[in-house]
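Written out below as structure tokens is the structure these notes cover.
We did not get these values from a lab; they are worked out from the coordinates using the rules stated. Since the structure is predicted, the reported quantities are computational estimates derived from the model, not experimental observations. All Cβ positions, even for glycine, are placed from backbone atoms using ideal geometry, and neighbour counts span all protein chains on display.
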Amino acid sequence: MLLEVKNLKKTFFIQGGSKSKGKEVHALDDVSFSIKKGETIGVVGESGSGKTTLGKVIAKLLPPESGKIIWKEKDITDISEKKNLSFRKEMQVIFQDPFSSLNPRWKVGSIIGEGLKNLTLNINKDSLEHEVLNVMKLVGLDQKMINSYPHEFSGGQRQRIAIARAILLKPEFIICDEIVSALDVSIRGLIINLLKDLKDKLSLTYFFISHDIKLTNMISDRIFIMKSGKIVEILENGDIERTACNPYTRSLLEAVPTLQKV
Amino acid sequence: MLLQINNLSVSFVKEDREFNVVENLNMEVNKSEIIGLVGESGCGKTSLAFSIMSLLKKGEGKIRSGEILFNGKNLVNLDESALSQIRGNKISYIFQEPFLYLNPVMTIGRQLAETLMLHKKYSYKQALKVSIQMLQTLGILDAEEKVNLYPFELSGGQLQRVMIAMALGCESELIIADEPTTALDVSTQKQILDILLSLKKERGMSILFISHDLPLVSQFADRIAIMYCGRIVESGKTETVLSYPKHPYTKALLHSLELKSTWEYIPTIKGEIPNLSNKPEGCYFNSRCDKASEICFKNYPDKVMIKDEHFATCHHVDH
């Protein structure tokens, strides 16, 4: 197993407003699963279902309240960041909004190269730039734009920058958190096709978080359906409209608009 | 005819250059009809909506030519006082992010009442009562308590209902809904759409529904218009356009929506959407189109009628 999580729990406390009292929200409520190398896992749920929290906890961007995260047979739940640089390289995250996840004052070359620069000792400037140019080509960015700023790129291109930044470190596992939700359909296709290319070339494992159950079904081997911090159903890729049993999954499927033709 | 837009051109000025974001646009909205205006980001659909509402920022965007007739009255260059009789009253606007357009330090009830007091000349008490009724019609439970809350205490779906309640209270004839469900979950989206549909059926309201989501619009729009680079490239009855698309852009969009159940490449459109400030000669879709011939790089195509109300602007429409 590449990744195993056991009984993950995470609770947030939401402060009350003028008329309401605060309350506890169980973002993760006893979540367990394991993922094999090369698998693509889809995570589908509505906002507030805990899917983003799950991604953040796995990537160790948020500490879990209880439970275990086992990466390559090693318990990394409480291991410190400094002792665990190799894990940071092996697992990368791409976020939803390519407008807020890229530093507007940095040149694209520095944004893409930052991770490699920080995690590799004694890397010289030329070889760093060489690596950045290579990865820009791989994701289909114009190499001439290495000294441009994020605002000079369109939404789809910015998402390519975020993908380039993630794969530069040659990770094995990439968490994609709603990475195509902010994009137009014609651009969505380009990014999903790019993910497929990269998976074939670099044998990646994806953890694809999305609210789009149809798209997620296409690319995933298994889909976790989340609701109120729990995985309520796990679907195998295929004819999910036939195989889905859980009433919540069914209601999600029914709410998805399909093209109405004659 | 409730709304009729004739040859409308809207231009923006950026860095001393003026360019059209809406170009020679014609559109009609009948009474109790839902029109779906579909296009990708930056195609000018929001600029069109802003023009109808006269919300274009002065010095940034302006209507260059054409007319916008609402119940036969031209809204272009109408003075501010005449406009305020119509805007927010006869025509309501629902935004993509209600959170940005509601006052964060004013209770929901006050904001709803304010609109009614202005347009309907109600007293505050009366206005609040009507507001509560409207919220109840829209399926908000305990509306009497909800009106005392501030926007941040409500969910996205509830806020969108507040925006719709404003339109309802004023008995608007036209609602312009600009991506009203994009920020919502699919199940909430369905509830909001059901509400909009019932407004059309029960109150005879007309809706101009602006969206990038073709499958969504296809659920309930009577007619559909596809927009590309500030122009409408294809329009017609929803089922006709989607079943027999004639414009290469419409066809390509529909292709990119076909998802298999195993991971295969999604069909894409080559090239990128041209910048509105730097559109190509001839047809704006020419460099991305497989059918493009010499004429496509020379002249912008005329509107071709295919069959009752189904139009496409392309040099190579096959009948």
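Between the C-alpha center of the range A:52-70 and that of the range B:238-256 there is a gap of 44 Å.
3J(HN,Hα) along the range B:193-203, derived from phi through the Karplus expression 6.51 cos²θ - 1.76 cosθ + 1.60 where θ = phi - 60°, amounts to 5, 4, 4, 4, 5, 6, 4, 5, 5, 8, 10 Hz, with x in place of Gly and Pro. Counting only other chain Cβ atoms within 10 Å of each residue's Cβ, the peptide A:213-220 averages 3. Taking all Cα pairs closer than 8 Å and separated by 6 or more residues, the relative contact order of chain B comes to 20 percent. Expressed in Å, the radius of gyration and Dmax of the Cα atoms of the range B:231-319 are 14.0, 42. Taking other C-beta atoms within 10 angstrom as a stand-in for reagent exposure, B:ARG161, A:ARG188 fall in the order A:ARG188, B:ARG161, fewest first.
Put +1 on the Cβ of every Lys and Arg and -1 on every Asp and Glu Cβ in the protein assembly as shown; which of B:MET27, A:PHE87, A:LEU138 then has its Cα farthest towards the positive end of the dipole? Farthest along the dipole direction, towards plus: A:PHE87. Among the trypsin sites (Lys or Arg not before Pro) within the range A:1-90, those in coil by DSSP and having at most 12 neighbouring Cβ atoms inside 10 Å are A:LYS19, A:LYS21, A:LYS36. Using Cβ point charges alone (K and R +1, D and E -1), the dipole size of the protein assembly as shown about the Cα centre works out to roughly 780 debye. Against chain A, whose longest principal axis is taken from its Cα atoms, helix A:185-202 shows a tilt of about 70°.
By how many nm would the segment from B:SER41 to B:ASN26 lengthen if fully extended, with 0.36 nm per residue of separation less the alpha-carbon distance? Working it through step by step, the gained length comes to 3.4 nm. Between the range B:127-168 and the range A:246-262, the C-alpha centres lie 27 angstrom from each other.
Entry for the range B:55-156 at q = 0.17, 0.24 Å⁻¹: log10 I(q)/I(0) = -0.92, -1.33, Debye formula applied to identical alpha-carbon scatterers, no solvent contribution.
Taking 7 Å steps out from each Cα toward its Cβ at B:GLU258 and A:GLU4 produces label points 4.4 nm apart. Relative to the longest principal axis of the Cα atoms of chain A, the long axis of helix A:155-167 makes an angle of roughly 80 degrees. Diffusion of chain B by Stokes-Einstein, at 25 °C in a medium of 0.890 mPa s and with Rh set to the Kirkwood radius over alpha-carbon pairs, works out to 118 µm²/s. Sorted fewest first by neighbouring Cβ atoms within 10 angstrom, A:VAL25, A:VAL108, B:VAL105, A:VAL185 come out as B:VAL105, A:VAL25, A:VAL185, A:VAL108.
Here is the size of the range A:3-255 from its Cα atoms: Rg then Dmax, 18.9, 59 Å. Quick check: Cα centre of the range B:295-311 to Cα centre of the range B:39-98, how many Å? Using only Cα atoms, the two centres lie 27 Å from each other. In the range B:257-273, whose amide N lies under 17 Å from the spot 7 Å out along Cα-to-Cβ of A:GLU241? List them in ranges. The answer is B:257-262, whose backbone nitrogens lie closer than 17 Å to the label point.
Taking GluC sites (Glu not before Pro) as candidate sites, keep only those in a DSSP loop with at most 10 other Cβ atoms within 10 Å, then name the longest stretch of chain A containing none of them. Here the longest run is A:82-262. Between the residues A:ILE76, A:GLY156, A:ILE240, the greatest Cα displacement towards the positive end of the dipole of the range A:3-255, with unit charges on the Cβ of Lys, Arg, Asp and Glu, is found for A:ILE76. When the pairs B:LYS14/B:LYS62; A:LYS6/A:LYS89; A:LYS196/B:LYS260; A:LYS261/B:LYS251; B:LYS62/B:LYS200 are compared against a 21 Å limit on Cα-Cα distance, A:LYS6/A:LYS89; B:LYS62/B:LYS200 fall above it. Each of B:LEU154, A:LEU119, B:LEU116 was scored by other Cβ atoms within 10 Å of its Cβ. Listed from fewest to most, they are A:LEU119, B:LEU154, B:LEU116.
Applying a DSSP loop filter and a limit of 14 other Cβ atoms within 10 Å to the chymotrypsin sites (Phe, Trp or Tyr not before Pro) in the range B:232-319 leaves B:TYR265.
About its Cα centre, the dipole of chain B is roughly 560 debye, where the only charges are +1 on Lys and Arg Cβ and -1 on Asp and Glu Cβ. Inter-chain Cβ neighbour count for A:187-199, averaged per residue, equals 4 (cutoff 10 Å, partner chain atoms only). Could you state the angle between the C-alpha long axis of helix B:124-137 and the longest principal axis of the C-alpha atoms of chain B, as a value from 0 to 90 degrees rounded to the nearest 10? That helix lies at roughly 50 degrees to the long axis. For A:LYS60, a cut-off of 14 angstrom between C-alpha atoms picks up these aspartates and glutamates, skipping any fewer than 8 places away in its own chain: A:GLU4, A:ASP75, A:ASP78, A:GLU81, A:GLU90.
Run through the range A:137-185 and list the trypsin sites (Lys or Arg not before Pro) located in a DSSP loop whose Cβ has at most 10 other Cβ atoms within 10 Å.
Hits after loop and neighbour filter: nothing returned.
Global size of the protein assembly as shown: 25.5, 73 Å for Rg and Dmax (C-alpha atoms, Rg to one decimal, Dmax whole). A Cβ-based charge dipole, computed about the Cα centre of chain A with Lys and Arg at +1 and Asp and Glu at -1, lands at about 440 debye.
The alpha carbons of the range B:98-206 stretch over 36, 31, 23 Å along the principal axes, in descending order. For the residues of B:213-224, the average number of beta carbons from a partner chain within 10 Å of their own beta carbon is 3.
Once you divide the Cα radius of gyration of the range A:16-103 by 2.2 N^0.38 Å, the number left is 1.30.
Taking every pair of Cα atoms in the range B:7-52, average 1/r, invert it to obtain the Kirkwood radius, and report Rg/Rh to two decimals.
Numbers: Rg = 12.3 Å, Rh = 12.0 Å.
Result: Rg/Rh = 1.03.
The alpha carbon convex hull volume per residue for the range A:121-262 rounds to 159 Å³.
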